[in-house]
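To start, the structure itself, in structure tokens.
What follows is calculated from the coordinates using simple rules that are stated; it is not laboratory data. The structure presented is a predicted model; accordingly, all values stated were derived computationally and were not measured. Methodologically, a virtual Cβ is constructed for each residue, glycine included, from the backbone with ideal geometry; neighbour enumeration extends over all protein chains shown.
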Amino acid sequence: MHHVMGVDGSYPLLVALWLLPLVGAIVCWAFGPQLKTLSGWLASAMLGGSFVLAVLSWSAGTQNSGGALGAHQALLSWLPGIDFGLLLDPLSLLWTFIITGVGFLIHFYSMGYMDGDRAYARFFAYMNFFVFAMLTLVLSDNFVGLLVGWGLVGLASYFLIGFWFERPTAVAAARKAFVINVVGDVAIMFAIFAIFLNVRSMAFGDVFAAVGSLGSPLLLTICVALFIGAAAKSAQIPLHTWLPDAMEGPTPVSALIHAATMVTAGVYLIARCAPLWSASHDAQMLAGTIGAVTAIAGAILGCVQWDIKRILAYSTMSQIGYMILGVGVGAYQGGIAHFFTHAFFKAQLFLAAGLIIHALGNEQDVRRMGGLRTKMPFAFWAILTGVLSICGIPGFSGFFSKDQVIYGALAHGHPWIYATSIATAGLTAYYMFRLLFITFLGEYRGNAESHAGASDAHHAHHAPAWIMNLPVGVLVLPTVAIGAALMWGGENSPWARYFAPQFAAVTLPAPPISELVTSAIVFMVVLAGFAVAWSRYATKAAQANAVERLRTEAERIPAVLTNLFYFDAFIDLVFVRTAQLTGTLIARILDPHLIDGAVREVVVVTRTAGAFVRSLETGLVRAYALVLAFGAACFIIYYALVAGGVH
Amino acid sequence: MPVAIGNYIALSSVMFFIGVAGVLLRRNPLVMLMSIELMFNAANLLFMAFARAWLANAGQVFAFLVITVAAAEAAIGLAIVVTTFRSEKNVDVDEIRLLRG
Amino acid sequence: MTIPFTSADWNALVPIAIVAVAALLVLVVDLFVRGYAPRYVSIGIGLIGGIAAGVVVAGQFGHNYNAFFGGFMTGGFTSVFEEIVLLALLGSLILYGAIGTPDRVAGTTALMLWSTCGAMLMAGAANLMTIFLGLELLSLSLYCLCGMVDRKTAREAALKYLILSSTATGFMLYGMALLFGATGSVMLADFVNPALASSALFWMGGGMFLIGLAFKLSLVPFHTWAPDVYEGAPLPVTAFMSVATKAATLAVFARFLYAALPSGAAEKLLLPMWIVAGISMIVGNAGMLAQHDLKRLLAYSGIAQAGYILTAMAGGSALGLRYAMFYLTAYTFMNLGAFAVAAVISNDGEQGSRLTSYEGLAHRRPLLATAMTIFLLALAGLPPTAGFLGKILILSSSVSAGYDWMAALLIAGTAISLYAYGKTIFAMYARPRHEPHDPKPCAPLAWASVVICAVAVIAMTFYPLTPSNILPLVK
């Protein structure tokens, strides 16, 4: 089989682009104590270098060469049918831009945020390693390489969530994320086995060329397995519970991994496997539905959170729902566009939130904020632009991408998904403006010491303020304008032309509601969401007794929402309790004396086996000889029987 | 008077199993080494008997080889046992069990 | 009358002769060197001898030589096993140089070289006498090596090894006598005679012969010696023993399996071996749980690894032998690497052997922890290491040979082992419970061997030692 998408030429620059962050990770990891604060500069420089190389690769990645789209670099031939290589086409190039570009800004920001942390160098080693893993994921030209990257980003995420391992909550969150991600990894592994058994090749090109020969049940199985992996990584219902907990990690980690890049890996996977999805209507239905449900559920849960990072986490979950439903129903350009703009405005929101958290001495509860507009005007304006963009106010970047997704759902014939996503837009406006108003308007509600201490703490940090402010300032530009710059003009926009060679155009019947009308409806709904938020949090009356109002509001939240739709309880029931119950049963039935009541893992059985094996090792040489003689006797009896048989 | 080969096999296997039993039952490492010698010599007896039966001198050569190697093994074995004797007052293999588990 | 002893004979024996002469040289030179130098002189001579022998063996790939009238054959797969044994020699000599006690250096080095001779002799042995001679040369040297340090546990290990190994050799020798009785010949090549399949002497002899091999491979239930001896012996000796004994014994087994069985008898004759290999994969891995000593952990691991390698050979396909050799080579690097890490951690090797020394290692010595992680991942058979590739190859060969049940046991054993290896890895990355002891300076050569092994374990997964590249070498 020949490669359909891969090119037989080579493009060595790609290898450098891919390996630079790994070099940074190794150097920071090995020489961290010597490098001290230099490690931050080094790690950022490596990402900057990768970004420059990505820019230089623009024409190679977007043009046809050798009859295929993009640039390809073979790495090595492994087993038959499994060749490793790197592929840079418009899709992976776009992801590379975000990973290295936004990643660079976040690395830069981290030099300020992590300043003074005792494991400063280790943090940058992990961050650079994460970027390397993410690049492996998106640049790989085959499923095995993608899976390797997929596993490595999970590992990097595990290390970074648990970075502050003194906090038990951080360790628990890291473990939860790891377990759920392993569920996803296993599902993808299953899909890859199924693909390999039927296609006998792992290269994307070969697999997509063979889509026609896969039967529809098989195709659906593969897509569902891939989707489980995508859902675990991209926090789609019901595998989303790890994402809010993952906010235990440092805020730059939340911005890079849990907003801009890793959590969108599921979107990338579906977009990459577009030929598989386009061939299976049921798979599209599944992905679209789950995406829509996640979008609205995330938005609803975002309305009742008090922790600023958790609000943003549920918002991320909801926005990824948009992306998944976009690429899921077949509106690939729209879903990817939303990934693109979201990476900017969500990174900006997280980094700006980080400014506040940093200044207030790690305070994250919005109820103890308030009135920060005058105290932190820069953070206010940064968050305001982010909020306007995420809400899809016309002209801002989020508007262009979100409307593409919403309209795409209708155009591809999913009216219910269309309606759900419009409703989600209204909820988004509500909870984002709620965040803005509670945090910045009214009087400061925190305790004075903490605030005073915070300003002291701010001075105590050595890094100059501009290190953290600069990346936020830089991000304002794409947050506001990149949508208009690239996505204005429908079919003739630079965006559409960029992706035209990658995703074949499909002609769809004109939907009953036009794009313009859709935009108008969405805008109305967004205004309504804004109005509700305004009336509840921004009016004079609301601000007069804000402390009391916020307290009663917290009490009135329905139990179903404070319990997050009982998803955590559900996961607990399905996985944790089942394991516990099995353990208890084994303990009750097998041997109550042998098994310690505290042990409730599967390990019990293997431990028992281990104890048995070790009990053979009495240390007595005669006992050993006896075991040996026993074995020899078994051998001799067997051969005597065989010898008797042959006579 | 020729002796049937079966008798040699029977004798040697009796010797061999006496040797095995000695290793399993005795607690003095010297006696255990002697039992192992008995196992080796059972094999030597077989080699000689089969060499005669097949008229193949490889068996006799093999027996010499075994005797030589067994001498070396006895020397090393004695050395190891003696170093153990030095640190323990009376050597009982059942009491040498620092390593286990 | 002239006795044929052609130049081809010499070629076959040159590598062994080099190693043997190096050993004598070590002893002679030691008489004339005084002071602090003997340590480096002895080990230096040993290293040079090992490297020289390795170069000669490398030149023999693809040729066929035989000595002792067909009793010793080299070229072909023998060369690969010889290289592995020499690799083990070099690795353990370096470790010995890094951590060994200052006295008895010449004796220890010479014994290591002689045991290498024995292992190399076994690797090419094609008749029962050479097998026996090689086996005893290897074992007798190892008994001494185990007891070479003045420590109670070392003496205990030597005594246990001596008694149990000699007993097993007794079984094997008796089996050889019976095999001789069945054929009237000591040449393995003469066992191909199909008439033997109906000889009771052959079945009994073959069975008892296999008992000896199973003991040397430490397959369950002939494994009981391994954990105690590995733990008690000095670290370099354990490192050498874990690789060289396995390699030499596997070579004998391969010769027996591939070149010396009457047609039709192989399946019945070897079934017990496959069964004990299967049991070993489970029991060895289960034994690793709740161990506190690295050498002991690796002893149990070695029991299981021997099972894996036999799984590759099950069915006796030529491809299976190649995969077995690939895995054995990978195992050599990962195992020596793990021991080398222990050597870098402490000067006497004993502290580095305790698993508590690894808690929080990643925070104290990140590079060392990374290397150890690579070795443990490889032993567990996880990507991106050669252990992973090796296990995939083993699975494919055993499934295509129809030994699905062994493949299933391999997977089950691997699953059990993940817990033990994973626990050690997690301990390295968790917060240290104990205050770190002073890291002592360590020989740069030991560091170098850690790095070389780690690079090899990763590189063998990819380039240039991918199976398609390395396997044509060993037709």
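So if I take the centroid of the Cα atoms in the stretch C:173-221 and the same for the stretch B:1-40, what is the distance between those two points in Å? Centre-to-centre (Cα) distance: 19 Å.
Given 10 °C and 1.306 mPa s, compute D for the stretch C:198-243 with the Stokes-Einstein relation, Rh being the Kirkwood radius over Cα pairs; round to the nearest whole µm²/s. Intermediate values should be presented prior to the final figure.
Numbers: Rh = 12.1 Å.
After rounding, the answer is 132 µm²/s.
Over the C-alpha trace of chain A, radius of gyration and Dmax come out as 27.2, 106 angstrom.
Within the stretch C:135-174, the proportion of C-alpha pairs whose separation exceeds 10 Å stands at 68%.
For the stretch C:112-269, what does the alpha-carbon gyration tensor say about shape, rounded, prolate or oblate, given a ≥ b ≥ c as the root eigenvalues, a/c under 1.5 as rounded, and a/b over b/c as prolate?
Numbers: a/c = 2.51, a/b = 2.11, b/c = 1.19.
It is prolate, given that a/c is not under 1.5 and a/b is the larger ratio.
With N as its number of residues, the stretch A:187-296 has a Cα radius of gyration that, divided by 2.2 N^0.38 Å, comes to 1.15.
Among rounded, prolate and oblate, which fits the stretch C:91-161 when a ≥ b ≥ c are the square roots of the eigenvalues of its C-alpha gyration tensor, a/c under 1.5 means rounded, and a/b larger than b/c means prolate?
On the way: a/c = 3.08, a/b = 1.66, b/c = 1.86.
Since a/c reaches 1.5 but b/c is at least a/b, the shape of the stretch C:91-161 is classed as oblate.
For the stretch C:1-148, the alpha-carbon radius of gyration amounts to 1.06 times the rule-of-thumb value 2.2 N^0.38 Å expected for a compact globular protein. Over the protein assembly as shown, DSSP H runs of length four or greater, each weighted -39,500 (n - 2.57), average out per residue to a 222 nm ellipticity of -24000 deg cm²/dmol. Sorting the Cα pairs of the stretch C:213-349 by distance into bins of 10 Å, from 0 upward, gives 12, 44, 31, 11, 2, 0 percent per bin.
Could you list C:263, A:421, A:65 so that the one with the fewest beta carbons within 10 Å of its beta carbon is first and the one with the most is last?
Ordered from fewest to most neighbouring Cβ atoms within 10 Å, C:263, A:421, A:65 come out as C:263, A:65, A:421.
Can you give the percent of C-alpha pairs in the stretch A:56-163 whose distance is more than 16 Å? Can you show the working numbers first?
Details: 3720 of 5778 pairs.
Counting every Cα pair in the stretch A:56-163, those more than 16 Å apart make up 64 percent.
Can you compute the FRET efficiency between residue A:535 and residue A:416 using 1/(1 + (r/R0)^6), with r the Cβ-Cβ distance and R0 = 41 Å? Round to the nearest 0.05. Don't skip to the end; give the middle numbers.
Values: r = 30 Å, r/R0 = 0.72.
The value I calculate is 0.90.
The base-10 log of I(q)/I(0) for the stretch A:263-354, evaluated at q = 0.11, 0.25 Å⁻¹, reads -0.31, -1.18 [Debye formula, identical scatterers on Cα atoms, solvent excluded]. For peptide C:280-292, the mean count of partner chain Cβ atoms within 10 Å of a residue's Cβ comes to 4.
Can you classify chain C as rounded, prolate or oblate using the Cα gyration tensor, where a ≥ b ≥ c are the square roots of its eigenvalues, rounded means a/c under 1.5, and otherwise it's prolate if a/b beats b/c and oblate if not? Verdict is oblate for chain C. Restricting the chymotrypsin sites (Phe, Trp or Tyr not before Pro) of the stretch A:190-240 to loop positions (DSSP other than H, G, I, E, B) with no more than 16 neighbouring Cβ atoms within 10 Å leaves nothing.
Over the protein assembly as shown, with a single point scatterer placed on each C-alpha, what log10 of the ratio I(q)/I(0) does the Debye formula yield at q = 0.05, 0.08 1/Å? Each listed q maps to, in turn, -0.42, -0.92. Neighbour counts of C-beta atoms inside 10 Å place B:54, C:405 in the sequence C:405, B:54, starting with the fewest.
The equivalent ellipsoid of the stretch C:113-204 has semi-axes of 32, 15, 7 Å, largest first, where each one is the square root of 5 times an eigenvalue of the Cα gyration tensor.
For A:553, A:443, A:166, the sequence from fewest to most other C-beta atoms within 10 Å is A:166, A:443, A:553.
Here is the link list: C:152/C:246; A:346/A:540; A:309/A:375; B:89/C:295. Which ones come out longer than 24 Å on Cα distance? Before the final figure, lay out the partial values.
On the way: C:152/C:246 26 Å; A:346/A:540 30 Å; A:309/A:375 20 Å; B:89/C:295 29 Å.
As for pairs spanning more than 24 Å Cα to Cα, those are C:152/C:246; A:346/A:540; B:89/C:295.
Roughly how tilted is helix A:168-199, in degrees to the nearest 10 and between 0 and 90, from the longest Cα axis of chain A? Approximately 70 degrees, to the nearest ten.
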